[in-house]
Amino acid sequence: MNRAVPALLAALVVLASAGAVVGVSPPGTSDQRAAGTVDGISANTTDVLVLESIDTAAFDRADLVVTRAVDAQSSGLVESFEQQRVTEAVTRAASDEEARAAIRNATDEVDRRTRALVADERTARDAFMAGEMSAESYLVTLGRIHARASSLEATVQTIEDLDQLSVGDERRAQIRAELSTLQGPVRAELAAAIQGDGPSKRTFVGVSANGVTLATLAGNEYVRETVRTDNRDDDIGRLTFDEAEGRFAELYPWASENKQRISMGALGSDVYVVEYTHDHGTIHSSLDASTGETFREEQTKNLADTQAADSQWIETGDLVVGVSDTYPGGPVRVNVTNATGAPVAADVSVNGTAVGESSDRDSIVWALSPATEYTVTVTTEDESVEVLVDPASNDLEPVDGTLTQR
C-alpha cells in the first residue's frame with residue numbers, strides 16, 4: 001500500500017477500541033452527508049467517496065512500456081540530482097539570507113514541476129473521456145505520473161529537512177497535498193507494472209471532469225482510490241482540528257463508530273488527513289478545511305470480513321442467484337445456491353468476462369461492478385442463468401426466472 005499520505009500525519013495519534021460508458025451517476029444517500037460520500041456495500045461497512053458522475057469508465061491493465069519505464073526511472077535520477085543540488089546550495093550558503101533564497105528557489109521549482117504533473121494528468125483524463133486515449137494508455141500514464149510524483153515528494157522532504165529557518169512551510173504543505181492526488185495504492189501497482197514487475201491487476205477506471213476512481217480486486221482484497229478536484233479550492237481553511245475530526249466522523253460514520261485505531265494530522269492550515277483502521281480494512285482520507293469535503297480517499301477491504309446483503313435474488317428452477325448492492329467500481333457479491341440455500345458449483349462471469357467460480361462448499365464470488373447496466377451469468381453443469389444489473393439503482397432483471405426479495 002502507498003504510505004505517502006500516512007507518512008505526512010502530524011504527531012498526534014488517537015487510539016480507539018476495537019469498454020467506455022457515458023453518463024452514469026453513482027448511487028448514494030440523499031442527505032448530502034458529504035459532497036460525494038455514499039453508503040458502502042451495506043450499512044455495516046464503510047462509506048466511500050464517489051465522483052458526482054462517471055462520464056467514462058472501463059476495465060483494463062497496465063504492463064511494461066519501455067518508454068514509460070525509462071521516463072519513470074529517469075525521474076528518480078532527476079530528483080536525486082535536485083536533492084543533491086539544493087543540499088549543497090543550503091549547506092554552502094554564507095548567510096541565512098542565502099540559505100533562505102536557496103530554499104525559496106528549490107520550493108519554486110518543485111511547485112512548478114508539481115503543477116506540470118497535475119496538468120499532465122488532466123490532459124490525459126480529458127483525452128480518455130473524449131475517446132482519444134485508450135483505458136490502457138490512461139492507466140499507463142497514471143502509473144508514470146505516480147512514479148514521478150513519488151520522486152518529487154522525496155525532493156520536497158529533502159527541502160523540508162534542510163529548512164531550519166521555516167521558509168515556505170505552508171507552500172510545501174500545499175505541494176504535498178497536490179502530490180498526494182497523483183499517488184495511491186492502485187497507481188503504485190500501475191507504476192510497478194510499466195517498469196517491468198508484470199501486468200497489473202484488472203483495474204476499474206472511472207473518470208469525470210472533476211476526478212478519477214480506480215479499483216482492483218484480487219481474491220478477497222479490494223483496493224480503491226478516488227480523487228475529487230471539485231471538493232478542493234484555493235481558500236485557506238476555516239475548520240479547527242476538533243471540527244475536522246467531527247467532520248470525518250460525519251463522512252465515515254460506520255468507520256468512526258467501529259474503528260480500532262484513528263490517526264489524524266494536518267498538512268499546513270488547509271488540509272487535514274486521517275487514517276482509520278477497522279475490522280474490514282483501512283481508510284486514508286484528506287479533507288479540505290475550507291470546503292469541508294474530502295478530496296482524496298483510498299480504501300482497502302478484506303471482503304471475507306465485510307458484510308454485504310443480497311438485496312434481490314433470481315430464482316430459476318433449482319438455482320438461486322443473489323446479487324448484492326454496490327456502486328460503480330465497487331465490489332459486488334454473487335451468491336449461488338439451490339432452493340434450500342446449499343452452495344452450488346458454478347462459473348460466474350460479468351459481461352462475458354470470467355470473474356470466479358462458486359463451489360459446493362462456498363457459494364460466494366466477488367467481482368468489480370461496471371459503471372452501467374451489466375449482465376451476470378451463472379453457469380452450472382445443468383443450466384445457465386443471466387441477470388441484468390443496474391449499478392445506479394441496484395435493480396435486477398432476470399432474463400429467465402423470477403425476481404424475489406428476501
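Couple of notes before you dig in:
- Here segment 210-243 is the region considered, the condition is being hydroxyl-bearing (Ser, Thr, Tyr) and not in a strand (DSSP E or B), and the residue that is surrounded by the fewest Cβ atoms within 10 Å (Cβ to Cβ) is Thr240.
- Just one of the numbered conditions (1) polar (S, T, N, Q); (2) farther than 18 Å from Gly40 by Cβ; (3) at pLDDT 95 or above is not true of Gln260: (2).
- Exactly one residue out of Ala116, Ala89, Ala124, Ala173 is in contact with a Phe, Trp or Tyr (Cβ under 6 Å, 6 or more places away or on another chain) and either part of a helix (DSSP H, G or I) or among the acidic types (Asp, Glu) (or both): that is Ala124.
- Out of Asp63, Asp71, sole residue that is at pLDDT below 95, within 26 Å of Ala192 (Cβ to Cβ), outside any helix (DSSP H, G or I) and of a type in the set (Asp, Glu): Asp63
A quick yes/no check of all residues on (1) touching a strand residue (DSSP E or B) at 6+ places or on another chain (Cβ under 8 Å); (2) under 26 Å from Asp234 (Cβ atoms); (3) open to solvent by less than 10 Å² (accessible area, probe 1.4 Å):
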| site | (1), (2), (3) |
| --- | --- |
| Arg122 | no, yes, no |
| Met129 | yes, yes, no |
| Arg144 | no, no, no |
| Glu153 | no, yes, no |
| Leu165 | no, yes, no |
| Gly168 | no, yes, no |
| Ala177 | yes, yes, yes |
| Ser180 | yes, yes, yes |
| Ala191 | no, no, yes |
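- Unique match (being modelled with pLDDT of 90 or more and either open to solvent by less than 20 Å² (accessible area, probe 1.4 Å) or of a type outside the set (Lys, Arg) (or both)) among Val376, Val387: Val376
- Taken over segment 289-312, the criterion of being open to solvent by less than 30 Å² (accessible area, probe 1.4 Å), part of a strand (DSSP E or B) and in contact with a Leu (Cβ under 9 Å, 6 or more places away or on another chain) is satisfied by Thr294, Phe295, Arg296, Glu297, Gln299, Gln312.
- Yes/no for Met133 being within 28 Å of the chain's Cα centre (by Cα), surrounded by 15 or more Cβ atoms within 10 Å (Cβ to Cβ), more than 26 Å from Ser286 (Cβ to Cβ) and at pLDDT 95 or above: yes
The values are calculated or read from the model by the stated rules, or taken from the named source; none is laboratory data. These numbers come from a predicted model, not from an experiment. Every residue, glycine among them, receives a Cβ derived from its backbone with ideal geometry; neighbour counts consider all protein chains shown. Protein only, heavy atoms only, side chains kept; ligands, DNA and RNA dropped before computing areas. Shrake-Rupley method; radii C 1.70, N 1.55, O 1.52, S 1.80 Å.
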